[in-house]
Amino acid sequence: MKISFFDFNKMHSEIQGELEGAFSEVLKRNWFVLGSEVEKFEKNYANFSNTQYCVGVSNGLDALKLSLIVAGVKAGDEVIVPSNTYIATVLAVSFLDAIPVFVEPNIDTYNIDVSLIEAAITSKTKAIIPVHLYGQSCEMEPIMAIANKYELIVIEDNAQSHGAFYKGKITGSWGHLNATSFYPGKNLGALGDAGAITTNNLDYSKQIKTWRNYGSEIKYFNKVLGFNMRLDEIQAAFLSVKLNYIKLWNSQRVEIASWYYQLLADVELIKLPVIHENATSVFHQFIIKVEYRDQLQLFLKENGIETMIHYPIPPHMQEAYNFLNYKAGDFPIAENLSNSILSLPIWPGMNLIQVTYVANYIKQFYKIKNIG
Ligand SMILES: *Cc1c(COP(=O)(O)O)cnc(C)c1O
């Protein structure tokens, strides 16, 4: 058997007719940029996110950049980010010549450790970007409390957790601004690049609409030195179709995760994902923390099972961030994670036989290890 790390086939084959219908509609309408499809999706996604406003944009990185701009973050300001996030979170901060201040993750949830945030706040701190990593919501209530106390703006990075909750309130509705990505492999994915920002602040939503469109509210009148960071009509049309299935697909991911939990429960050298008691996860990834990670990955590969590492190098150790002058050991939790985590295959439509196949080879690897 061969198990891909991710497989779109099951998801897309079931809605192929609807996707093709959406494409035909846009083709017939002959309107491809900022039209009725973008407006419709923005309304639908705001509704899904339980926020008043949504602004569709070009991708997740741009959603983060635009959020930081309208939050008023300037060169030299400090922005708190987790030390174990995907690089885009940090790149957005650097784009504004602001300074990323890394805070280590909690060793169980892998989300930002709330107890370490206050110590990282200085007079220059402007914003916090909690990242709901791997599908699990951060502890948003205490994070908002800290932000209120120090008058900081919270920008959620919700790229990996469409549909997760903290204390019954959905991610993407907690922060002052909430940036997300609809990169194809995310839980809600377009058929190309796409992103959005959700907010309850009308002024922010208006400003973002201006910034995404050359800084122009009225055609040929430019208020700010804006960008072209728009969401395409065609992607918005595909996203509106797929939004109707996100709850179903998330529930399938949760079920697959429950199979992994059962099948791998008694393997001593594996730490399974820990979900905070007040949070839910939509299992964008199923992460195991293991001994002999690289050998395990190779063994699985030799047996037809693809796995990945999210992420092999933490942002502070990336070549691009040499100028921040961090060194190995500065963020040991993030560094340890990048050396010991493995992402197992998980995708909507993956069945119990496939999950069992993966689990059995993992168990076999550790059986051989214990004997050898
Ligand atoms: C994917 C991702 C992004 C960037 O989204 P793009 O649409 O690829 O630009 C940002 N943050 C996190 C946590 C992500 O997973």
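Here are the numbers for the structure shown:
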read-out	value
Residue in the stretch 67-80 that is surrounded by 22 or more Cβ atoms within 10 Å (Cβ to Cβ), under 22 Å from L188 (Cα atoms), modelled with pLDDT of 95 or more and of a type outside the set (D, E) present	yes
Of the criteria (1) acidic (D, E); (2) over 20 Å from I107 (Cβ atoms); (3) at pLDDT below 95, which one E255 fails	(3)
Residues (among the aliphatic types (A, V, I, L, M) and surrounded by fewer than 16 Cβ atoms within 10 Å (Cβ to Cβ)) located in the stretch 255-273	A265, L269, L272
Pairs where the first residue, in the stretch 110-126, is under 28 Å from I287 (Cα atoms) and the second is of a type in the set (D, E, K, R) and buried (at least 18 other Cβ atoms within 10 Å of the Cβ), C-beta under 7 Å, 6+ apart	D113/E104; V114/E139; L116/E104
Residue within the stretch 15-23 that is at pLDDT 95 or above, under 30 Å from H310 (Cβ atoms), within 16 Å of the ligand (Cβ to nearest atom) and over 16 Å from the mean Cα position of the chain (by Cα) present	no
Only listed residue being away from the ligand (no atom under 16 Å from the Cβ) and assigned to a strand (DSSP E or B), chosen from V79, V73, V101, V55	V101
Residues of the stretch 240-269 classified as touching an Asp or Glu at 6+ places or on another chain (Cβ under 8 Å) and more than 21 Å from F48 (Cβ to Cβ), total	1
Qualifying residue in the stretch 45-52 (condition: in contact with a Lys or Arg (Cβ under 6 Å, 6 or more places away or on another chain) and either surrounded by 18 or more Cβ atoms within 10 Å (Cβ to Cβ) or farther than 21 Å from K209 by Cα (or both))	no
Failed item, numbered, when I368 is tested on (1) farther than 13 Å from S83 by Cα; (2) of a type in the set (A, V, I, L, M, F, W, C); (3) in contact with a strand residue (DSSP E or B) (Cβ under 9 Å, 6 or more places away or on another chain)	(3)
Considering residues of the stretch 58-70 that are among the polar types (S, T, N, Q) and over 30 Å from I107 (Cβ atoms) only, the residue nearest to the ligand (Cβ to nearest atom)	N59
Some residue of the stretch 332-345 being in a loop (DSSP other than H, G, I, E, B), closer than 30 Å to A92 by Cα and touching a residue at least 12 places away in the same chain (Cβ under 8 Å)	yes
Residue that is surrounded by 15 or more Cβ atoms within 10 Å (Cβ to Cβ), in contact with a Lys or Arg (Cβ under 7 Å, 6 or more places away or on another chain) and β-branched (V, I, T), where the choices are V241, V290, V282	V282
Matching residues, the stretch 187-214, being part of a strand (DSSP E or B) and either under 13 Å from I69 (Cβ atoms) or away from the ligand (no atom under 16 Å from the Cβ) (or both)	I197, T199, N213
All positions within the stretch 148-169 that are more than 16 Å from the ligand (Cβ to nearest atom) and touching a residue at least 24 places away in the same chain (Cβ under 8 Å)	Y150, L152, I153, F165, Y166, K167, K169
Filter result for the condition that a residue is touching a Ser or Thr at 6+ places or on another chain (Cβ under 9 Å) and either closer than 18 Å to L188 by Cβ or part of a helix (DSSP H, G or I) (or both), over N84, N50	N50
Sole exception among (1) within 12 Å of the ligand (Cβ to nearest atom); (2) part of a loop (DSSP other than H, G, I, E, B) for A179, by number	(2)
E277 vs. criteria more than 21 Å from F5 (Cβ to Cβ), more than 17 Å from the chain's Cα centre (by Cα) and free of Cβ contacts under 8 Å to residues at least 40 places away in the same chain	yes
Selected residue (only one of L27, L34, L61 is at pLDDT 95 or above, more than 25 Å from Y321 (Cβ to Cβ) and surrounded by 14 or more Cβ atoms within 10 Å (Cβ to Cβ))	L34
Unmet criterion (only one of (1) within 13 Å of the ligand (Cβ to nearest atom); (2) free of Cβ contacts under 8 Å to residues at least 12 places away in the same chain) for K43	(1)
In the stretch 244-254, the residues that are surrounded by 16 or more Cβ atoms within 10 Å (Cβ to Cβ) and not β-branched (V, I, T)	Y245, W249, N250, Q252, R253
Positions within the stretch 104-132 being assigned to a helix (DSSP H, G or I) and either within 16 Å of the ligand (Cβ to nearest atom) or surrounded by fewer than 18 Cβ atoms within 10 Å (Cβ to Cβ) (or both), in sequence order	S115, L116, E118, A119, A120
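The values are calculated or read from the model by the stated rules, or taken from the named source; none is laboratory data. Note that the coordinates shown come from a computational prediction; the quantities given were computed from them, not determined experimentally. Backbone-built Cβ (ideal geometry, glycine too); neighbour counts: all protein chains shown.
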